[in-house]
Amino acid sequence: MTTFWDIIHLLTETPLFFVAIGGLTWGILGGALPGISASITMALVLPFTYTMDPAQAIALLACVYIGAEYGGSIPAILIRTPGTNSSAATVIDGYEMNRQGRAGEALGISLMSGVVGSLFGLAMLILLTEPLSWLALAFTPPSYFGLGILGLSVIASMSGGSLIKGLAAATVGLMIATVGTDPISGVTRFTFDIPDLLGGIEPVLVMVGLFALTELMSQSGSSTVLQLNETIRIKLPSWSMMNKLKRSQTIGCILGLFEGLTPGGGGSIAAFMSYNEAKRWSKTPQLFGKGSEEGVAAPEAANNTVASTALIPLLSFGIPSSNSTAVLLGGLLMHGLIPGPRLFEQSAQVIDSIYVGSFIAIIAQIGVGMIILPACIWLVNRPRAYRAGFIFALILSGIFTLNNSLFDLGIALALGLVGYLMRIAGFPVLPMILGVVLGHMVESSYRRSLVLSGGDHMIFLQDPIAVCLLSIALIFVVFSLSREFRDARKTKIEEAHS
Amino acid sequence: MNKDLISGVVLLAVSGTYYAWSSQIADSTLSDEVGATGLPHVLSIILAILGVLLIARAILLRRARTATAAGTDDDQDAHLPRAIGFLLLGAVYVFVLPFIGYVAGTALLIGAVALYEGAPRNWVVLAAAVGGAVFYWAIFVKLLGVHQPVGSLFQGMF
C-alpha cells in the first residue's frame, strides 16, 4: 500500500519531477508535429530510456503520452491538421474557431479541457486499475466487433446533411482499410505486387491527406486569405466559460473512461463519440461545426482521459488498447517488468512513479502548454506564402518519418486530391477517416467471431458485451436518423412558408 | 451537369472497379467462411447502391428544381487547377528527393511553394527556403534520428 510518505519520497529522492516535465515537453512537441503520432513520439524516446531507472523510464513514457495527446490539438486548431489520430475531432470546431479569429480561445479551451480530462483519467486509473481488471479479460472477438460497430455508428450524425454521401465516404474508407494483408487468411488484397502496400494504408496518411493537404490546396486555390490577428494570445477559459463547458467535459471524461478501459477503443473513438454526444446534449447544438466551444472541449477532455485510462488494461493484464500503450508495453518488457497483478506487488515503485509523474505532467501542462502555444501562434501568423511552404515541407517530412517511404508520400498526395474533390462534391471526410480507422477491427473481429462459432451469427447475441455495445450503436443510429429526418422536414416546411 | 449526378456515376465506377479487383484476390486454404473477398464484395455492392441512390436523388431534385448542391463549395470548384498545381509541387518533390536529397529538396519545396503562393521574388524567399530546410534537417535527422534521403547526387558527402 502506497503511503503519503512514499509519494513525498518519490518527489524528493528521485528526479521524477524533471523526468515528468521533460516527457511532457517532448510529447507536446511530438504531438504538435503533423504526421508524428503519440506512439511515434513515444517510440522515438524509447531507446533513450534503456539506461534509465525502470520507474523513471516508464513514468517518462507515460508523460510523453499525456503531452502528445494534448499536443495533437495544437495543429488541429491552427492548421486543420490533427497532430495525433485522436485529435481529429478537435479539427471540426477548433479550426472553425480559428477561422473566426478565436484561435487563442480555442487553444485555451483545449488546454484546460485536456487538464480536466487528464486529472479525471488519472483519478480513475488510480481507483480502477485493479478492481476493474476483469473487464479487459472479458473481451472476446464479438465484443471487439460490437466496439467497431459502435464507433462506426457515429457516422450517421457526421454526414454533414447528406446521409448518402456520409455512408458513401465511410464505405470508401472501409475499402481503403481492406488494402494489405488479409487478417485471417494472410492473402494479399489490392496490393498490386507493391511491397509498400502489404501492411495496408496507414490511417495517419489518410488523415494527413484528407485534412492537411486538402486544406493547403484549398487555401491555395481560394481567394480568401487566412490572416490571424497578430494580437492573438492564449486565452484560458474564464470560470463562467468552464461552467458552460462542464457538461461537454463531463461527457468527454465519461466516454474517455469507457473507451480507455476498452481494449482497442482508443482516443479517436472516444473523441468522435464525445463530440457527437456533446452535440446531442448541448443547449446550442446548431453551433457545432460552426465554432462551438463545447465542440472543442468534449473531444479534448475525452482523448486526454483516454491517455490515462488506457493504462488500466495495460497495467492490469498487459493488454495494449492502442499503438501508444503498445509502445509503453514495450518499455515495460524492455525493463523486465511483466504487467499484471504481480507488477503491483513486486514493482510498486514503478506504478507509483507512473501515478506521481502523470500528476506532475498534468499540472505542468498548463504552464508548459502556455509557453509552447505562443510559439505555435507565431508560426501560424507568418505570411501565408511562407507558412504554406513550411507546413507542406513539415507534413511531407513527417509522413516520410512513418516508414521511410516515398511511396507513403505519393499516397498522401493522392488522398489530398481525393479530399479536395470530395470537398467540391460536398462529401464529408470524417466518415471516411472513421472507416479507415475502424475497418480492420470490424472485419477481423467479425470473421474471428464466425470462425469461433462455426459460421453462426448468433454468437453476436450470445456475448453480453457485444449485445450491449451493438444496442448502444443501434440507439445512436436511430437517434441520428430521426434527427436528420426531423431537420429535413423542418427545412422543407420553412422553405414552403418562405 | 449536376455534381451529385457526377458523384453518383463516379461511385458506381469506383464500385465496379473495386469489385473487379476484389474478384482477382487469390484463394487460400487458410481462408475462413467469409474469405478475403467477403467484405470487399459487400462494400462494392453497398457503394453501388449508394451511387444509384445519389443519382436518383439528383435526378428527382433536378426535376423538382430544388437546390441540390448543399454543402458544396463553388469557390473550391473554380480554383481546382490552382490547387492541383500546388499538389504537383509536392509530386515533383517526391520525384526529385532520391536524387537531390532531403536538404536541397526541402529548400526547393519551400521556395517553390512560397513563390507559387505569391511571395515577392527576393532574397527572403531564398533565406526562408535554406533556413527552413536546415531547420527541418536538424529536427528530423539530428534530433529525431530519422534517416531522410541523402540524395544520389550527394552520396558520400554526409
Expressed in angstrom and ordered largest first, the alpha-carbon extents of chain B along the principal axes are 59, 54, 24
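How large is the direction-averaged shadow of the alpha-carbon convex hull of the range B:76-154, in nm²? Numbers along the way, then the final one.
Working: hull surface 24.2 nm².
In nm², the orientation-averaged hull projection of the range B:76-154 is 6.0.
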Kindly provide the helix-only [θ] at 222 nm of the protein assembly as shown, computed as the sum of -39,500 (n - 2.57) over DSSP H runs of four or more divided by all residues, to the nearest 500 deg cm²/dmol?
-> -23500 deg cm²/dmol
Farthest toward positive dipole pole in the range B:3-72 [+1 Lys/Arg, -1 Asp/Glu at C-beta], among B:37, B:26, B:12 = B:12
Span from the the range A:279-310 Cα centroid across to the the range B:84-103 one, whole angstrom = 38
Within 10 Å of each Cβ in peptide A:213-219, how many partner chain Cβ atoms are there on average? Round it to a whole number, please.
-> 5
Which whole-number percent of Cα pairs in the protein assembly as shown have a distance greater than 50 Å?
-> 8
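With all distinct Cα pairs included, what does the Kirkwood hydrodynamic radius of the range A:92-215 come out to in Å, to one decimal, could you say? Walk me through the intermediate numbers first.
On the way: mean 1/r = 0.0535 Å⁻¹.
Roughly 18.7 Å, rounded to one decimal.
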Order by accessible surface, 1.4 Å probe, largest leading, for residues A:246, B:142 comes to B:142, A:246
Regression test value, accessible area per residue of chain A, probe 1.4 Å, units Å², expected 37
Could you please put A:458, A:175 in sequence from largest to smallest accessible area, using a 1.4 Å probe?
-> A:458, A:175
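What is the ratio of the Cα radius of gyration of the range A:424-470 to 2.2 N^0.38 Å, where N is its residue count, to two decimals?
Output field value: 1.54.
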Which of the peptides A:472-481, A:104-113, A:181-190 is most tightly packed, and how do the rest follow, judged by the mean count of other Cβ atoms within 10 Å per residue?
-> A:104-113, A:181-190, A:472-481
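For each pair in A:244/A:279; A:246/A:490; A:235/A:283, compute the distance between the two Cα atoms and list the pairs where it is over 21 Å. Before the final figure, lay out the partial values.
Numbers: A:244/A:279 14 Å; A:246/A:490 30 Å; A:235/A:283 23 Å.
Check vs 21 Å cut-off fails for A:246/A:490; A:235/A:283.
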Sorted from largest down, what three extents in whole angstroms do the Cα atoms of the range B:3-72 have along their principal axes?
-> 55, 19, 17
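The values are calculated or read from the model by the stated rules, or taken from the named source; none is laboratory data. Note that the structure is a prediction, hence the values are computed from the model and not measured. Glycine also receives a Cβ, built like all others from the backbone with ideal geometry; neighbour counts cover every protein chain displayed. All accessible areas refer to the heavy atoms of the entire protein, side chains included, with ligands and DNA or RNA removed. Shrake-Rupley method; radii C 1.70, N 1.55, O 1.52, S 1.80 Å.
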